[in-house]
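What follows is one structure encoded as structure tokens, with my remarks underneath.
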Amino acid sequence: MSYIVNGQNFAEQPQPGQCLRTFLRDMGWFGVKKGCDAGDCGACTVWLDGKPVHSCLIPAFRAEGHEVTTIEGLARDGSLHPVQQAFVDAAGFQCGFCTAGAVMTVASLSEEDRLDIPWVMKGNLCRCTGYRTIDDAIHGIKSIEEPAEGAAFGSNVRAPAAYDIVTGKARYTLDTHIEGLLHLKLLQSPHAHARIVSIDKTRALAVPGVHAVLTWEDVPRRPYSTAVHDDDKSDPRDTYMLDNVVRHVGQRISAVVADTEAAASKGCSAIDVQYEILPAVFDPDEAMRPGAPAIHGDMGADAGIQHSDRNIVLELHGHVGNVDEGFARADFVYEADYSTQRAQHAPLETHCSITWQGSRGS
């Protein structure tokens, strides 16, 4: 099969069912980002015969004989495309992960398209900028200053990685190519609360390219905390790397290590897990009532949970001054229950890491 990518001809054969995004990244075009894999975020936007498409939705074989342009091919003759320059001048990015896809979409817009920016840009999401600087870039508004020598303080200077970001040269974790790298995929629980009766790895280990299938029996039985306080002694040690009790939907059940992502995913699908379904609880108020299903009841006092029978990690009581006297003297007392929670930034960049195995101290 013959492909034209950024003006170059390639004789490549995609894998059966492979999407254009992974095909381009396998060829080294890492400016095409792996985001949602569902056509929602636009981080993988490329041009197909000059029209922007979400490459995660396009089968690779459909690009045969067509011209594919990625962010790496937008700049020509050593000069940035005007849209790339506009994103630099307006600082139209923060983390920069979505920028390549946004630039590809904006660079394809006609003057008529620009009359309704929210509509034409709805396929490109950004979690960082609030879209204001992207809108500035689209409209040619410059915010970057060229500071005089010794006068950078207080100036809106260009980000050091600006040119790498708008040209697709900036490397994120998944853009790191390492020869012989193995890939790990997780099998996750479909149940909110269950006990694992058995895990059969036989079919998974038979998948070509699979090196290992790990379960709770293969990792140290050492609980740790997933909380984020500075003092780890104040947080519950309520999590095992892999567990034989499922405590929420999506919990890690097994890890498959293979030569490729596809092989690791196929290995996960081949694992046979038998569950004993346990009572679950889905409301925080109900979870704290006596008699509620104890999600961590099997972990014991060593987990650091104050009231595991009522799913309460810790109770904190505090006051300033004489609260009783304050209530007695108040003209009006209003009582209510309040709740708050942490906010997740929800970055577009896929959660991932690169690690290695070596001798202790190496």
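Nothing in this text is a laboratory measurement; each read-out follows from the coordinates by a stated rule. In this text the structure is predicted, and so the values were computed from the model without any measurement. Cβ placement follows ideal geometry from the backbone for every residue including glycine, while neighbour counts extend to all protein chains displayed.
List of remarks:
- Dipole magnitude of region 105-181, debye to nearest 20 (Cβ charges: Lys/Arg +1, Asp/Glu -1, about Cα centre): 240 debye
- By the count of neighbouring beta-carbon atoms within 10 Å, fewest first, H351, H81, H139 end up ordered H351, H139, H81.
- Cα-based shape type of region 1-177, given that a ≥ b ≥ c are square roots of the gyration tensor eigenvalues and the cut on a/c is 1.5: prolate
- Kirkwood-type hydrodynamic radius, region 183-277: 14.0 Å, calculated from all non-identical alpha-carbon pairs.
- Dipole in debye (nearest 20) - the chain, about Cα centre, beta carbon charges: Lys, Arg +1; Asp, Glu -1: 940 debye
- Put a plus charge on the Cβ of each Lys and Arg, a minus charge on the Cβ of each Asp and Glu, and nothing anywhere else: the dipole of region 1-177 about its Cα centre is then about 440 debye.
- Ranked by how many other beta carbons lie within 10 Å on average, peptides 111-122, 190-201, 41-52 from highest: 41-52, 190-201, 111-122
- V333, V210 arranged by Cβ crowding within 10 Å, fewest neighbours leading: V333, V210
- The distance separating the Cα centre of region 191-224 from that of region 66-99 comes to 44 Å.
- Ratio Rg/Rh, restricted to region 287-329 and using Cα atoms, in which Rh is the Kirkwood radius: 1.26
- Dipole axis of region 1-177 (+1 Lys, Arg; -1 Asp, Glu on Cβ), positive-most option in H177, G123, I165: H177
- The chain: translational diffusion in µm²/s, Stokes-Einstein, Kirkwood Rh over Cα pairs, 25 °C, 0.890 mPa s: 99 µm²/s
- Charge dipole of the chain about the Cα centre (unit charges at C-beta), most positive-ward option of T45, T69, F332: T69
- Residue exposure proxy: C56, C98, ordered by other Cβ atoms within 10 angstrom of their Cβ from fewest to most, comes out as C56, C98.
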